[in-house]
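Just below is one structure, and these are the notes that go with it.
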Amino acid sequence: MNDGVGRSAWQGIEVRHLAALQALAEEASFHGAARRLGYSQPAVSQQLAALERIVGTQLVNRPRVSHPLTLTDAGARLLVHARAVQASLSSAQAEIRAGAGRVQLRIGAFQTVAAHLLPHVVRELERRAPHVDISLDDCPGDTRLITSLDRGDLDACFVDLPLRSEGALQIDPLAIDEYVLVTPRNGRRPAQCEPVHPVELRGLKLIGFKRSGSTHRLIEHLHADGIETNFVLRSDDNNVIHGFVAAGFGAALLPRLAAELLSGAFDIRPFEPGLPPRIIGLAWTQELAEAPWLLAFVGATRSVVAHIWGERAVGRVPATQPRLAGAQT
């Protein structure tokens, strides 16, 4: 009898209750959750209290002043299901919109992909699935994008592999992007083809990405080879890196595609032997793995990568697929 009552009580859980729990977990405060949801703090407290009454246990450890809010074990377990519910609702919303003729796909991209790849992908997607519209969230690195994907604010995002934690994400490696050294030309003839040996990095003032998983792996690789790196600046913003390299503060240690976004008189030099590359990938949540509009985007992306990035592509599409208008090899 009690079990039956418990199940009936759980049917009183509302989406807003789960949204409050998710916001509290990700913002780590009632103030942050209220700001994110557009509620007052008392309203968030009421949503949480209602949820705790229904499930019959405490879900949040109420913090002391200046301490971050944390979830109880029960709260952490319920959060997994709350995120799944939110993802399912997003999927349902997209399906309903698809029935009305249009689907909006929320895609996150960092600077290299947004500039080099995404315009071609959108063109190819228009050909394959003209009913799918892209809503773009672009930023310097992928850290915020992964957070947005994890909490259901994005359907898919491009990532810099390896990720520190993949969690429940589906990952598709797309292209290999070699690391190069970028230096001001200073009136000299271009040294584009002159390779650099990794030992030449010793004592060199370097500029590079801050949160990139591949940059962290590269630094560890160099350290294992007895080469200590001296970074004078770390930033995920290509414009910041461009300014500091142009001003002569140091040489940039970057993936080649990122280096090619820097405008100005720079030498871009490969390493010999090569260093561990960045792997550009596409990530999405497992809940959307079978969504047809997402599969259309993934297919379009793979096709474009194979055509415009050639030998950089991790996997090649069959030669019978048509070339894309405006694509370059």
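The values are calculated or read from the model by the stated rules, or taken from the named source; none is laboratory data. As the structure is a prediction and not an experimental result, all values here were calculated from the model. Cβ: placed from backbone, ideal geometry, glycine included. Neighbour counts: every protein chain shown. Just so you know, the surface numbers come from the protein's heavy atoms only, side chains and all, with ligands and any DNA or RNA stripped out. Shrake-Rupley method; radii C 1.70, N 1.55, O 1.52, S 1.80 Å.
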Between PHE249 and LEU295, what's the calculated FRET efficiency when r is the beta-carbon distance and R0 is 45 Å? Round to 0.05. 0.50
Within a Cβ distance under 14 Å of VAL180, other residues only, what is the Lys/Arg minus Asp/Glu net charge? -3
Packing-wise, with mean Cβ within 10 Å as the measure, how do 53-62, 252-261 rank, highest first? 252-261, 53-62
Using label points projected 7 Å from each Cα along Cα→Cβ, tell me how many nm separate SER29 and VAL199, to one decimal. 5.2 nm
Over the Cα atoms of the stretch 173-256 the radius of gyration and the largest Cα-Cα distance (Dmax), both in Å, equal 12.8, 39
Mind checking the per residue accessible area of the stretch 100-247 for me, 1.4 Å probe, whole number of Å²? 48 Å²
Along the positive direction of the dipole of the chain (beta-carbon charges: Lys, Arg +1; Asp, Glu -1; about the Cα centre), which of CYS139, TYR39, ALA20 reaches farthest? TYR39
Go ahead and estimate [θ] at 222 nm for the chain from helices alone: -39,500 (n - 2.57) per DSSP H run with n ≥ 4, summed, over the residue count, rounded to 500. -13000 deg cm²/dmol
Once you keep just the Cα pairs under 8 angstrom separated by 6 or more residues, what percentage relative contact order results for the chain? 19 percent
Using the crude model of +1 on Lys and Arg Cβ and -1 on Asp and Glu Cβ, and no other charge, please compute the dipole size for the chain relative to its Cα centre, in debye to 20. 420 debye
Between the residues PRO273, TRP284, ASN230, the Cα farthest towards the positive end of the dipole of the chain, that dipole coming from +1 and -1 charges on the beta-carbon of Lys, Arg, Asp and Glu, is from ASN230
Counting only protein heavy atoms and a 1.4 Å probe, tell me what percentage of the chain's accessible area is made up of carbon and sulfur. 52 percent
Considering the values (i) 23.6, 85; (ii) 20.8, 66; (iii) 19.8, 62, which represents Rg and Dmax of the Cα atoms in Å as calculated for the structure under consideration? (i)
Could you calculate the FRET efficiency of GLU178 with ASP153 from 1/(1 + (r/R0)^6), where r is the beta carbon distance between them and R0 is 35 Å, rounded to 0.05? 0.65
Once you place label points 7 Å from the Cα toward the Cβ at ARG102 and GLN170, how far apart are they in nm? 2.5 nm
For the stretch 141-293, whose charge dipole is built from +1 on Lys and Arg Cβ atoms and -1 on Asp and Glu Cβ atoms, the candidate among LEU174, PHE209, PRO198 with its Cα farthest towards the positive end is PRO198
Full-stretch length increase - GLN11, PHE231 - with 0.36 nm per residue and alpha-carbon distance subtracted: 73.7 nm
Run the simple label-point estimate for LEU261 and HIS131 please: 7 Å along Cα→C-beta, distance reported in nm. 3.4 nm
